[in-house]
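Step one of this worksheet: look at the structure below.
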């Protein structure tokens with residue numbers, strides 16, 4: 001089909017190329033346009049096969065994944081890249097280097113470089129390919145010329161499906177807007193920012209954090225859906241580009257201003273008041289909204305601890321995590337903002353929150369860091 005997302009699979013193992021290709025070909029709206037055994041061959045095939053997205057291994061001969069990403073950046077290639085690689089001893093460090101070089105997201109191979117059980121991550125891989133691939137097609141590709149005549153009942157000049165329609169095809173149903181929330185108190189001076197984000201997050205957070213003003217004096221707590229073993233290195237990578245200190249949250253540590261705390265993978269992040277201070281609490285309680293860490297857990301916790309002194313932020317992500325409890329922040333008198341449809345890789349989480357009436361203002365990705373800085377700088381509201 002002409003509207004299928006073309007995927008280039010890059011892996012040094014012939015078996016893995018075959019298994020990954022089979023996994024992709026069996027999924028709706030995806031097509032493997034070609035494969036390559038290393039980065040050098042992939043660069044050649046980009047010119048002729050015109051992929052919409054690339055699945056990339058990191059450990060390959062002649063030109064590995066990191067070298068490929070460096071050359072991709074040098075050549076100005078903007079085709080999104082999803083890392084699909086095994087966990088090595090330094091896997092998290094290398095993966096974060098890949099993200100810093102422009103890779104969009106990553107998925108772990110479940111059992112080493114040759115993963116015969118690769119199908120266990122199929123749903124996640126397909127989700128990322130559909131999300132990033134469709135966004136790339138929307139903004140970077142023109143309709144093909146000389147295409148086949150339109151099928152009966154359609155017109156060749158029909159407009160492409162809206163993003164809402166595309167999200168519906170990925171499993172999102174209509175969301176009925178809830179009754180307007182009536183806050184129990186007026187907004188107060190912002191003392192904490194709580195941010196929930198998922199698919200598209202690694203890229204988006206780099207943009208947001210690189211644009212935060214160094215004058216931000218409140219703590220920022222972040223739930224980014226990410227597996228255990230990666231959030232520490234993710235925090236370190238963000239710390240290099242942010243004016244504020246960024247670290248992985250530690251159970252029991254005091255939450256202080258001007259610091260960003262990233263929730264640990266597979267641990268819920270909550271806050272608890274202890275006298276005059278607030279501390280982080282990490283728990284292994286069951287998943288909420290399908291996730292651990294969960295943005296809903298974080299939002300509910302900060303609303304309880306800080307009442308009307310919270311800025312809640314919900315950004316790109318599949319599903320609805322955070323949408324419900326963002327309403328609790330709003331109800332307690334806090335402020336809420338959500339990423340807009342145009343700049344979200346997946347307008348899922350912010351869409352559900354917006355349609356529930358829990359988002360007070362929608363903000364484009366490129367303006368999010370500045371807007372957070374502006375709101376937290378207000379001495380009173």
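The values are calculated or read from the model by the stated rules, or taken from the named source; none is laboratory data. All values reported here derive from a predicted model rather than from experimental measurement. Quick reminder, even Gly has a Cβ in these numbers, built from the backbone with ideal geometry, and neighbours come from all protein chains shown.
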(request) Determine if the stretch 175-193 includes at least one residue that is more than 15 Å from residue 310 (Cα to Cα) and in a strand (DSSP E or B). (result) no
(message) Condition (residue is buried (at least 24 other Cβ atoms within 10 Å of the Cβ) and either assigned to a strand (DSSP E or B) or under 20 Å from the mean Cα position of the chain (by Cα) (or both)) applied to the stretch 369-377: is it met by at least one residue?
(response) yes
(request) State the number of residues belonging to the stretch 45-74 that are assigned to a loop (DSSP other than H, G, I, E, B) and within 25 Å of the chain's Cα centre (by Cα). (result) 7
(message) Here is a check on your reading of the model: is residue 227 part of a loop (DSSP other than H, G, I, E, B), under 21 Å from residue 103 (Cα atoms) and at pLDDT below 95?
(response) yes
(message) Where the second residue is surrounded by fewer than 16 Cβ atoms within 10 Å (Cβ to Cβ) and assigned to a strand (DSSP E or B) and the first is at positive phi and modelled with pLDDT of 80 or more and lies in the stretch 105-127, which pairs have Cβ atoms under 8 Å and are six or more apart or on separate chains?
(response) none
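Quick grid of which residues meet (1) over 21 Å from residue 288 (Cβ atoms); (2) modelled with pLDDT of 95 or more; (3) part of a loop (DSSP other than H, G, I, E, B):
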site	(1), (2), (3)
235	yes, yes, no
238	yes, yes, no
242	yes, yes, yes
247	yes, yes, no
252	yes, yes, yes
256	yes, yes, yes
260	yes, yes, no
264	no, yes, yes
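Test residue 196 against the stated conditions and say whether it is modelled with pLDDT of 50 or more, under 30 Å from residue 256 (Cβ atoms), touching a helix residue (DSSP H, G or I) at 6+ places or on another chain (Cβ under 9 Å) and in a loop (DSSP other than H, G, I, E, B). Break it down into steps so the answer makes sense when it comes.
Values: modelled with pLDDT of 50 or more: yes; under 30 Å from residue 256 (Cβ atoms): yes; touching a helix residue (DSSP H, G or I) at 6+ places or on another chain (Cβ under 9 Å): yes; in a loop (DSSP other than H, G, I, E, B): no.
Considered against the rule, which asks whether it is modelled with pLDDT of 50 or more, under 30 Å from residue 256 (Cβ atoms), touching a helix residue (DSSP H, G or I) at 6+ places or on another chain (Cβ under 9 Å) and in a loop (DSSP other than H, G, I, E, B), residue 196 comes out as no.
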(request) Confirm whether residue 366 is in contact with a helix residue (DSSP H, G or I) (Cβ under 8 Å, 6 or more places away or on another chain), modelled with pLDDT of 95 or more and over 24 Å from residue 226 (Cα atoms). (result) no
(request) Taking residue 28 as meeting all but one of (1) surrounded by fewer than 22 Cβ atoms within 10 Å (Cβ to Cβ); (2) modelled with pLDDT under 95; (3) outside any helix (DSSP H, G or I); (4) touching a helix residue (DSSP H, G or I) at 6+ places or on another chain (Cβ under 7 Å), write down the number of the exception. (result) (4)
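Table: residues versus (1) modelled with pLDDT of 95 or more; (2) in contact with a helix residue (DSSP H, G or I) (Cβ under 9 Å, 6 or more places away or on another chain); (3) assigned to a strand (DSSP E or B).
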{"residue": "269", "(1), (2), (3)": "yes, yes, yes"}
{"residue": "272", "(1), (2), (3)": "yes, yes, yes"}
{"residue": "286", "(1), (2), (3)": "yes, no, no"}
{"residue": "300", "(1), (2), (3)": "yes, yes, no"}
{"residue": "303", "(1), (2), (3)": "yes, yes, no"}
(message) For the stretch 1-24: of the residues being part of a helix (DSSP H, G or I) and either in contact with a strand residue (DSSP E or B) (Cβ under 6 Å, 6 or more places away or on another chain) or touching a residue at least 24 places away in the same chain (Cβ under 8 Å) (or both), which is surrounded by the most Cβ atoms within 10 Å (Cβ to Cβ)?
(response) 20
(request) From 279, 271, grab the single residue that is touching a residue at least 24 places away in the same chain (Cβ under 8 Å), within 18 Å of residue 256 (Cα to Cα) and surrounded by fewer than 19 Cβ atoms within 10 Å (Cβ to Cβ). (result) 279
(request) May I ask you to verify whether residue 323 is under 21 Å from residue 208 (Cβ atoms) and modelled with pLDDT of 95 or more? (result) yes
